[in-house]
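**Student:** Take this structure first; my questions come after.
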Amino acid sequence: MRRISLARILAMLGIATLTITVFGSAQTWQTVGPYGGDARSFAYSPVSPAHVLLGTTNSWIYQTNDGTRWSRLSKISTSDQLVLDHILFDTSNPQRIVVGAWMLDRPDGGIFISQDEGHHWTTVPDMQGQSVRALAQAPSDPKIFVAGTLKGVYRSEDGGLHWSLISPPGSTELHEVESVAIDPANPQNIYAGTWHLPWKTVDGGKSWQNIKQGLIDDSDVFSIIVDPHVPSTVYASACSGIYKSTDAGALFHKIQGIPSTARRTRVLKQDPNNPAIVYAGTTEGLYRTTDAGTKWSLLTPKDLIINDIYVDPTNSQHILMATDRSGVLVSGDGALSFHDSNSGFAQRQLSSLAVDPKNPSTMYVGVLNDKRFGGVFVSKDTGASWTQMSNGLDGHDVFDVGISSAGNLLAATNHGIYRWSDGKWESIGERRKVVTRKVTHIQKKHRSVSIESVEVPDGRIEGGVHGLAFANGKWYAATSDGMYVSGDGPFLWIGGPLLSASTGPAGASSEPQLKSAKHGKPMTKLQERRAAEAEAKREASQATKSFWNVAAGGNIAIANGQGVVFASQDQGKTWQPATLPAGWTRDRYVAVDNGGRLWVGGRLGVMHSDDQGKTWQPTGVPINNISGLRFDPRTNRIFVSSYDSDLVYGVDPDGKHWKWWNPGWRLHTLTSSGNRLVGATLLHGVVVQPENQPAAGSF
């Protein structure tokens with residue numbers, strides 16, 4: 001299943017790199033949701049099964065003691081990019097927790113250990129940098145741990161403090177280990193599932209056998225479980241289906257009932273109170289067998305992607321599922337029905353934040369990657385509660401949201417622009433492209449050709465719309481096919497690619513230029529055609545189609561794309577290319593203040609221009625690697641945030657004085673809601689400033 005990666009999200013938001021969060025920074029602003037998102041793994045305390053830990057995709061661990069309310073426990077590393085797929089309470093010491101982690105974009109990760117129930121963490125040096133994809137503790141000897149990594153199988157005999165490779169070094173077969181299991185009676189018997197096929201050792205890793213008998217060749221083995229009561233019974237899930245062995249892996253039989261090879265079974269979980277009940281968490285819903293694998297039943301909708309399952313050892317009717325997009329789902333009736341259990345768990349990928357200009361306590365956020373579980377969320381009480389608004393969006397990603405002074409709410413998506421109307425979203429507005437055409441003029445015996453810009457019908461905007469802005473009755477849309485402008489209804493989008501040259505479509509700021517043959521002679525038909533072809537090629541090579549952001553104030557607008565900035569002084573009728581500040585190769589964000597000044601933010605900091613982008617001046621704000629830039633009319637401030645710091649700045653655009661606050665979070669947008677500041681993080685939800693909190697400092 002295709003999902004937008006974190007790297008692509010950062011690129012779409014105009015961000016080149018993501019700098020990791022400072023470990024241990026104080027979370028002074030409250031995170032308020034919207035709750036849900038990607039949940040990866042569970043672990044429960046052996047002495048208190050109601051105490052459940054939840055792993056995430058960004059190094060954080062959450063916890064619950066009642067299965068209904070989650071809270072952040074800790075972050076295991078300074079990195080923001082660790083995927084926590086395996087969390088183990090040490091069965092010999094419940095205060096001790098061992099975590100295996102890996103990273104999405106590179107072969108990195110490690111083993112992390114806490115001695116105080118997860119409040120503080122240390123890195124295990126032997127496994128530093130290892131992409132740990134599997135982790136298990138021996139039931140019969142709690143000092144023995146086994147880990148699966150991209151390099152092979154590792155084992156620890158001292159509770160995870162020291163590790164050694166027990167699979168053949170440099171093996172071309174036994175590597176990229178995705179799952180491991182240990183015989184509950186004999187810790188020397190170890191199973192390892194790779195991205196190719198499963199393996200087994202009966203002597204602690206001195207020798208290994210490929211146990212592929214009965215499996216379809218080239219099967220990725222995602223999960224292996226061994227029946228704790230009958231160790232000769234082994235289940236394995238692979239990309240080709242679910243398999244069962246009754247002779248300790250000597251021969252596997254494919255279990256019928258989950259036939260689709262496109263369906264991935266990410267996790268198998270046996271009911272601790274009834275070994276005949278096995279759950280299969282797949283990329284297309286939850287399956288269950290009640291007769292040890294003879295028959296399977298689908299229990300949930302197929303659009304659920306399930307990463308882990310918790311079956312309460314004290315009550316098998318109580319089940320939790322960790323899912324992509326929909327967070328944690330809970331059942332109290334043995335998986336007959338589920339509902340969300342995400343209170344306090346905020347892991348959605350927020351792209352944007354907008355506050356209603358007439359009702360400052362009402363805010364909207366756009367969400368990426370969450371399909372029918374995402375879209376747009378609204379809070380009418382400054383984040384205290386949220387309601388999903390996804391009807392009509394068809395699961396599209398929302399890159400930006402905006403609201404006009406008249407109350408029209410628009411969403412920019414990867415499939416065009418939508419407007420909220422009568423409880424649902426509807427695709428809005430025909431568009432017209434502004435293109436150039438060659439016009440032949442004949443006066444008596446002389447003939448000449450001129451270039452004219454004209455509007456032509458072009459259907460709807462159906463591609464990616466990355467940014468929206470509204471000012472003085474006009475909407476601006478930064479799209480993958482150029483810049484478009486519309487009134488606030490009826491919506492007719494006019495625009496297209498922009499040119500840096502003196503002639504061109506959609507806002508070229510020049511008069512039509514006369515084209516003639518050499519020496520003033522009329523052009524022949526062939527000369528006209530060749531001239532038109534040359535002009536079209538020149539325009540195509542200079543046209544900027546893809547725009548990332550747009551901002552507007554009064555009649556002035558500014559938009560940016562890859563290494564280019566354009567400004568308009570007439571509500572987008574014409575656009576003029578602006579120069580980038582000296583030493584800049586690109587900018588990330590743009591803004592327009594109430595005085596019509598232009599602002600840009602990028603890796604090198606923040607600059608402003610008083611002459612429509614011809615020259616730029618520094619602001620003096622001590623901040624680089626900009627993650628957000630926005631003018632807030634309610635406070636008359638330019639708000640700036642950075643990926644290098646938890647600090648955010650509010651700049652007075654007139655006097656260039658600034659204040660700063662420390663939310664305790666890395667923000668990518670900041671604005672005001674009533675008498676409080678609110679910000680959006682990339683993966684931690686909306687954060688809200690405590691009431692009456694003063695600025696941390698000013699200059």
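The values are calculated or read from the model by the stated rules, or taken from the named source; none is laboratory data. The structure presented is a predicted model; accordingly, all values stated were derived computationally and were not measured. Cβ sites come from the backbone with ideal geometry, for glycine too, and all protein chains shown count toward neighbours.
**Student:** For region 109-200, which strands (runs of 3 or more DSSP E) that fit wholly inside it have 1 or more residues that are among the hydroxyl-bearing types (Ser, Thr, Tyr)?
**Tutor:** Working: elements: 109-114, 132-137, 145-149, 153-156, 177-182, 190-194.
Strands (runs of 3 or more DSSP E) meeting the threshold: 109-114, 145-149, 153-156, 177-182, 190-194.
**Student:** Can you report the number of residues in region 399-426 which are buried (at least 17 other Cβ atoms within 10 Å of the Cβ), under 21 Å from residue 471 (Cα atoms) and free of Cβ contacts under 8 Å to residues at least 60 places away in the same chain?
**Tutor:** Qualifying residue count for the region: 6.
**Student:** Does residue 632 count as at pLDDT 95 or above, among the charged types (D, E, K, R) and touching a Phe, Trp or Tyr at 6+ places or on another chain (Cβ under 8 Å)?
**Tutor:** On the way: at pLDDT 95 or above: yes; among the charged types (D, E, K, R): yes; touching a Phe, Trp or Tyr at 6+ places or on another chain (Cβ under 8 Å): yes.
When the stated conditions are applied, residue 632 passes them.
**Student:** Surrounded by 24 or more Cβ atoms within 10 Å (Cβ to Cβ), within 16 Å of residue 670 (Cα to Cα) and at pLDDT 95 or above, is that true of residue 375? Working first, answer last.
**Tutor:** Details: surrounded by 24 or more Cβ atoms within 10 Å (Cβ to Cβ): yes; within 16 Å of residue 670 (Cα to Cα): no; at pLDDT 95 or above: yes.
Criteria not met by residue 375.
**Student:** Are there any pairs with C-beta distances below 6 angstrom linking a residue in region 463-474 that is of a type in the set (Lys, Arg) to a residue that is assigned to a strand (DSSP E or B), with the two at least 6 apart or on different chains, and if so which?
**Tutor:** Qualifying pairs under 6 Å: 474/485.
**Student:** Can you find, within region 226-249, the residue that is nearest to residue 137 (Cα to Cα) among those that are among the charged types (D, E, K, R) and not in a strand (DSSP E or B)?
**Tutor:** If we filter region 226-249 for residues that are among the charged types (D, E, K, R), which is where we start, we get 227, 244, 247.
With the extra rule that they be not in a strand (DSSP E or B), the set shrinks to 227, 247.
Values: 227: 15, 247: 22 Å.
Among those that are among the charged types (D, E, K, R) and not in a strand (DSSP E or B), it is 227.
**Student:** Here's a follow-up. Quick check: is even one residue across region 267-276 part of a strand (DSSP E or B), farther than 28 Å from residue 388 by Cβ and either under 22 Å from the mean Cα position of the chain (by Cα) or hydrophobic (A, V, I, L, M, F, W, C) (or both)? Walk me through how you get there before you give the answer.
**Tutor:** Our first condition is that a residue be part of a strand (DSSP E or B); within region 267-276, this holds for 267-271, 274-276.
Then keep just the ones that are farther than 28 Å from residue 388 by Cβ; that gives 268-271, 274-276.
With the extra rule that they be either under 22 Å from the mean Cα position of the chain (by Cα) or hydrophobic (A, V, I, L, M, F, W, C) (or both), the set shrinks to 268, 276.
Yes: one or more hits.
**Student:** Mind telling me which of the residues 294, 300 ends up being assigned to a loop (DSSP other than H, G, I, E, B), of a type in the set (S, T, N, Q) and within 25 Å of residue 369 (Cβ to Cβ)? Spell out the reasoning first.
**Tutor:** On the way: 294 fails: within 25 Å of residue 369 (Cβ to Cβ).
Going through 294, 300 in turn, just one is assigned to a loop (DSSP other than H, G, I, E, B), of a type in the set (S, T, N, Q) and within 25 Å of residue 369 (Cβ to Cβ): 300.
**Student:** Only residues that are β-branched (Val, Ile, Thr), out of contact with any Gly (no Cβ under 8 Å at 6 or more places or on another chain) and surrounded by fewer than 18 Cβ atoms within 10 Å (Cβ to Cβ): list them for region 107-166, please.
**Tutor:** 122
**Student:** Here is a further query. Can you tell which of 383, 366 is assigned to a loop (DSSP other than H, G, I, E, B) and closer than 28 Å to residue 553 by Cβ?
**Tutor:** Values: 366 fails: assigned to a loop (DSSP other than H, G, I, E, B).
Of the residues listed, the single one that is assigned to a loop (DSSP other than H, G, I, E, B) and closer than 28 Å to residue 553 by Cβ is 383.
**Student:** Moving on. From the list 676, 603, 666, 637, which one is of a type in the set (Lys, Arg), surrounded by fewer than 21 Cβ atoms within 10 Å (Cβ to Cβ) and touching an Asp or Glu at 6+ places or on another chain (Cβ under 8 Å)? Steps first, please.
**Tutor:** Details: 603 fails: touching an Asp or Glu at 6+ places or on another chain (Cβ under 8 Å); 666 fails: surrounded by fewer than 21 Cβ atoms within 10 Å (Cβ to Cβ); 637 fails: surrounded by fewer than 21 Cβ atoms within 10 Å (Cβ to Cβ).
None of the others qualify; the one that does is 676.
**Student:** Please determine whether any residue of region 285-300 is among the aliphatic types (A, V, I, L, M), under 22 Å from residue 218 (Cα atoms) and modelled with pLDDT under 95. Full working, then the answer.
**Tutor:** Restricting attention to region 285-300, the residues satisfying the condition of being among the aliphatic types (A, V, I, L, M) are 286, 292, 298-299.
If we keep only those that are under 22 Å from residue 218 (Cα atoms) too, we end up with none.
No, region 285-300 has no match at all.
**Student:** Is it true that residue 352 is closer than 30 Å to residue 462 by Cα, surrounded by 19 or more Cβ atoms within 10 Å (Cβ to Cβ) and touching a strand residue (DSSP E or B) at 6+ places or on another chain (Cβ under 9 Å)?
**Tutor:** Working: closer than 30 Å to residue 462 by Cα: yes; surrounded by 19 or more Cβ atoms within 10 Å (Cβ to Cβ): yes; touching a strand residue (DSSP E or B) at 6+ places or on another chain (Cβ under 9 Å): yes.
In short, yes.
**Student:** Right, next: Take region 282-296 and flag every residue that is closer than 22 Å to residue 41 by Cα and touching a residue at least 24 places away in the same chain (Cβ under 8 Å). Before the answer, list the steps.
**Tutor:** Quick first cut of region 282-296, residues closer than 22 Å to residue 41 by Cα only: 282-289.
Once the filter is applied, which keeps residues that are closer than 22 Å to residue 41 by Cα and touching a residue at least 24 places away in the same chain (Cβ under 8 Å), region 282-296 yields 282, 283, 284, 286, 287, 288, 289.
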